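Enquirer: I am attaching a structure below and will ask some questions about it afterwards.
Any read-out appearing in this document is the output of simple, stated calculations on the displayed coordinates, not a laboratory observation. Only a predicted model underlies this, so the values are computations on that prediction, with no experimental measurement involved. All Cβ positions, glycine included, derive from the backbone under ideal geometry; neighbour counts span all protein chains shown.
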Amino acid sequence: MDNAKRGFLVLSLLAAAACGREADGYIFEDVPFSVIPQPASVTLGDGWFELTGADFYVDPAFGDAGVEVARGLADRLCEVSYLRSRVKVGTPRRPAVRLVSGTVTASPDSYRLTVDSTGVTVTASTRSGLLNAVQTLAQMLPASFFDRDTRGQRYRIPYAVIEDSPRFAYRGVLIDVGRHFYSAGEIKRCLDVMALYKVNRFHWHLSEDQGWRIEIKKYPRLTEVGSFRRETQVAHWRDSLDHREHRGFYTQDEIRDVVAYAGARGITVIPEIDLPGHMMSALAAYPELGCTGGPYEVATTWGVKPDVLCAGQEATFTFLEDVLTEVLDLFPSEYINIGGDECPKVRWKECPRCQARIRELGLADRDGHTAEQYLQSYVTNRIQKFLAARGRRIIGWEEILEGDLDEGATIMSWRGIEPGIRAAARGFDAIMAPNYYMYIDRYQTEEWDREPVSIGACLPVELLYSYEPCEGVAEGAEDHIIGVQANLWTEFIGSDDYLEYMLLPRLAALAEVQWEAVGARDWDRFRAALDHSAAIYEAMGYPYGKHVWGIAGMPGEEHPARTPEELEEYLKVRKGPWAMSYEEGKNLIIK
Ligand code: ACM
Ligand code: ZN
């Protein structure tokens, strides 16, 4: 998608919220303080400092990283205003923007932002602290600052003392590029809004039954064969096929470029190679890696597939280690996500090689787990050891808790909160991504007829906002909940616009769940601040859900939202996933 501006139904509303003030003969546009996530402590003063034209001074302690952050903001301010800002290392003599090295809280993400008549002072101990301060500062400016066409504007910000630090160190978003492929440029657009909200982990789901998306030099067929599918299921029935091919993958150069782009915005990219299930695309390319030997096809329909990697043969481990070796070369992230979800055991039960491996390892049904579940633990633990020897740690979906899991693994809880609670109680770190609150592939409202087709169920921004990640976690185990993540699966998300629409504004609510201290969230304050975020989306050309503004549907297909009475009537007759009889819905996707 390019940056074309979109229709703006709520523009007049938002314009009314901002007000113009004249100073030094210039009319400044001032906005109410609307930073998302709301900083931990904000005190606004009486007065304004003009940012445009100010020089930047960087503490030499920051080295190149500080200069780079300062230059990013200074260049943008020059571009929008035509006023010159210089970036210098050292101590300023006149009002300026100063980046000063200092500790604010124990979190490397923390920062202090002080605005007074001497200028702006940003105090932080790390580059990510500086970047967070810059994001706060940017959101204090009018939305036009985010519009790449803006020129000749001057900006000022109110005197303020802001001290800020996040609740969780891991603040993630998953984008599934396996079910649908999005260009590297589109991924960068998503990274831009993640950075805006101080999200600091991008979980890149790169391999799926429906498509392999990362170039692996040693296994060229992964992309030659595995990145292509004949057709795609486009509704909730398996025979709703579009008869059009779908393809796409990232070259290693593109991956490096995206990783660097994310890094420059304070975001670590965590790749996921989902194993040993969700591997149909790899099996189609290398059928000898499956229990039956195939033939296999890159999946064209959704749901869990019975064919998985054969755990009984060494070739599988050679393949995985080779693939991961190239992955490690591309991704500096300490965490590597190895998937582990939805791995049916039907093939392993019948495969002589898998059964021989089970006997050789002395695995048996015990403690409520099957021998085949222990075989998956064997795969997980072996890959964990391989990665640990290379200085990396694994994250896996909650299913890796089944059987025996070696210590040091981190669990992502997705079928609810209970697996995360259980993992934390057992001493594993956990990231909470429960589907009920965090699966942003779900509809944004109950008005499914006014929305593009989605996986089903409903996750409005209000529900996501209400999530408390440590609820039910035993006292003393809270520190094992290291973060929260929203997952954007893409079965039905066949366009960039739709992807962004599903992300926004739920990403803003996610950011507050990830960042705000316990008890600090406030829906009314957040809802008011969302007006400014919406103006920023408009300025940057992102489609977004306008449900909290009383509008349903994607841009171009918008409708006034139903009244509560109309909704009640509609729900009585609604058809669709999870609203059908069993017979009607029995080949429905279950996620
Ligand atoms: C998942 O949603 N299968 C992790
Ligand atoms: Zn096998």
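Enquirer: Quick one: net charge around Glu558, please, counting Lys, Arg +1 and Asp, Glu -1 for every other residue with C-beta under 10 Å from its C-beta. Walk me through the numbers before you get to the answer.
Expert: Working: positive: Arg450, Lys546; negative: Glu557.
Charge balance near Glu558 sits at +1.
Enquirer: Scan around Phe28 for amide H atoms under 5 Å from its own, H built in the peptide plane at 1.01 Å from N, and keep only partners 5 or more places away or cross-chain.
Expert: Here the answer is Arg21, Glu22, Ala23, since their amide H atoms fall under 5 Å of that of Phe28.
Enquirer: Which whole-number percent of Cα pairs in region 137-216 have a distance greater than 23 Å? Can you show the working numbers first?
Expert: On the way: 1416 of 3160 pairs.
Tail of P(r) above 23 Å: 45 percent of Cα pairs.
Enquirer: Once the Cα atoms of helix 252-264 and of the chain are each reduced to a long axis, what angle between those two axes, in degrees from 0 to 90 to the nearest 10, is obtained?
Expert: Relative to the chain, helix 252-264 is tipped by roughly 40 degrees.
Enquirer: Using all C-alpha to C-alpha distances in region 398-448, build P(r) with 10 Å bins and read off the rounded percent in each one.
Expert: Percent of Cα pairs in each bin: 27, 44, 19, 9, 2.
Enquirer: Give, as a single signed number, the net charge of other residues whose beta carbon lies under 9 Å from the beta carbon of Met279, with Lys and Arg counted +1 and Asp and Glu -1. All intermediate terms of the calculation are to be shown ahead of the outcome.
Expert: Details: positive: Lys305; negative: Glu208, Asp209, Asp274, Asp307.
So the surrounding residues net to -3.
Enquirer: Next up: Please provide three numbers in whole Å: the alpha-carbon extents of region 221-351 along the principal axes, with the largest listed first.
Expert: Principal extents (largest minus smallest coordinate, Cα): 45, 38, 24 Å.
Enquirer: Okay, moving on. I'd like the orientation of helix 352-361 relative to the chain: the angle between its Cα long axis and the longest Cα principal axis, in ° from 0 to 90, rounded to 10.
Expert: Rounded to the nearest ten degrees, it is 80.
Enquirer: Could you list Lys218, Lys385, Lys572 in order of exposure, starting from the residue whose Cβ has the fewest other Cβ atoms within 10 Å?
Expert: Sorted ascending by nearby Cβ count, the order is Lys572, Lys218, Lys385.
Enquirer: Another question about this same structure. Would you mind checking the tilt of helix 127-139 against the longest principal axis of the Cα atoms of the chain, expressed as 0 to 90 degrees and rounded to 10?
Expert: Once rounded, the angle reads 60 degrees.
Enquirer: Percent relative contact order of the chain, based on C-alpha pairs within less than 8 angstrom and at least six residues apart?
Expert: 14
Enquirer: A further question on this structure: Would you mind calculating the relative contact order of region 299-384 from Cα pairs under 8 angstrom and at least 6 residues apart, reporting the percent as a whole number?
Expert: 37
Enquirer: Testing the spin-label approximation: label points 7 Å from Cα along Cα→Cβ at Glu475 and Thr118. State their distance in nm.
Expert: 4.5
Enquirer: Suppose the chain between Lys349 and Arg382 were pulled fully straight at 0.36 nm per residue; how much longer would it get relative to their current alpha carbon spacing?
Expert: So the extension gain works out to 9.9 nm.
Enquirer: Explain nothing, just the number: relative contact order of region 380-445, from Cα pairs under 8 Å at least 6 residues apart, as a whole percent.
Expert: Averaging sequence separation for qualifying contacts and normalising by length gives 24 percent for region 380-445.
Enquirer: Identify the residues of region 221-263 with backbone N under 12 Å of a label point that sits 7 angstrom from the Cα of Ala184 along the Cα-to-Cβ direction, or state none.
Expert: Those under the cut-off are 249-262.
Enquirer: A further question follows. If each of Val304 and Asp524 carries a label point 7 Å out from its Cα toward its Cβ, how far apart are those two points in nm?
Expert: 4.5
Enquirer: Glu254 to Leu44: extension gain in nm, 0.36 nm per residue of separation minus the Cα-Cα distance? Write down the numbers at each step before the final one.
Expert: Working: separation 210, 0.36 × 210 = 75.60 nm, distance 4.30 nm.
Net length gain for the segment: 71.3 nm.
Enquirer: Using amide H atoms built 1.01 Å from N in the peptide plane, name the residues 5+ places from Thr126, or on other chains, whose amide H lies under 5 Å from its own.
Expert: Answer set, sorted by chain and number: none.
Enquirer: Taking GluC sites (Glu not before Pro) that fall in a DSSP loop and have at most 12 other Cβ atoms within 10 Å as cut points, what is the longest piece of the chain between them? Show your work: numbers first, answer last.
Expert: Numbers: sites that count: Glu245, Glu334, Glu407, Glu471, Glu475, Glu557.
Looking at the chain, 1-244 is the longest stretch - no exposed GluC sites (Glu not before Pro) with at most 12 other Cβ atoms within 10 Å.
Enquirer: How large is log10 of I(q)/I(0) for the chain at q = 0.05, 0.12 Å⁻¹ when the intensity is taken from the Debye formula with one equal scatterer per alpha-carbon?
Expert: Ignoring solvent entirely, the Cα scatterers give -0.23, -1.24.
Enquirer: Share of Cα-Cα pairs in region 344-457 beyond 23 Å, in percent?
Expert: Considering region 344-457, 45 percent of its Cα-Cα pairs are separated by more than 23 Å.
Enquirer: Give, as ranges by residue number, the residues of region 432-464 whose backbone N falls under 15 Å from the point 7 Å along Cα→Cβ of Val234.
Expert: 452-454
Enquirer: Calculate, in nm to one decimal, what Arg21 and Ala364 gain on full extension: separation in residues at 0.36 nm each, minus their alpha carbon distance.
Expert: Gain in length upon complete extension: 116.0 nm.
Enquirer: Between Leu567 and Thr325, how many nm apart are label points set 7 Å from Cα along the C-beta direction?
Expert: 5.6
Enquirer: Could you tell me the distance between the Cα centroids of region 454-470 and region 100-141, to the nearest Å?
Expert: 31
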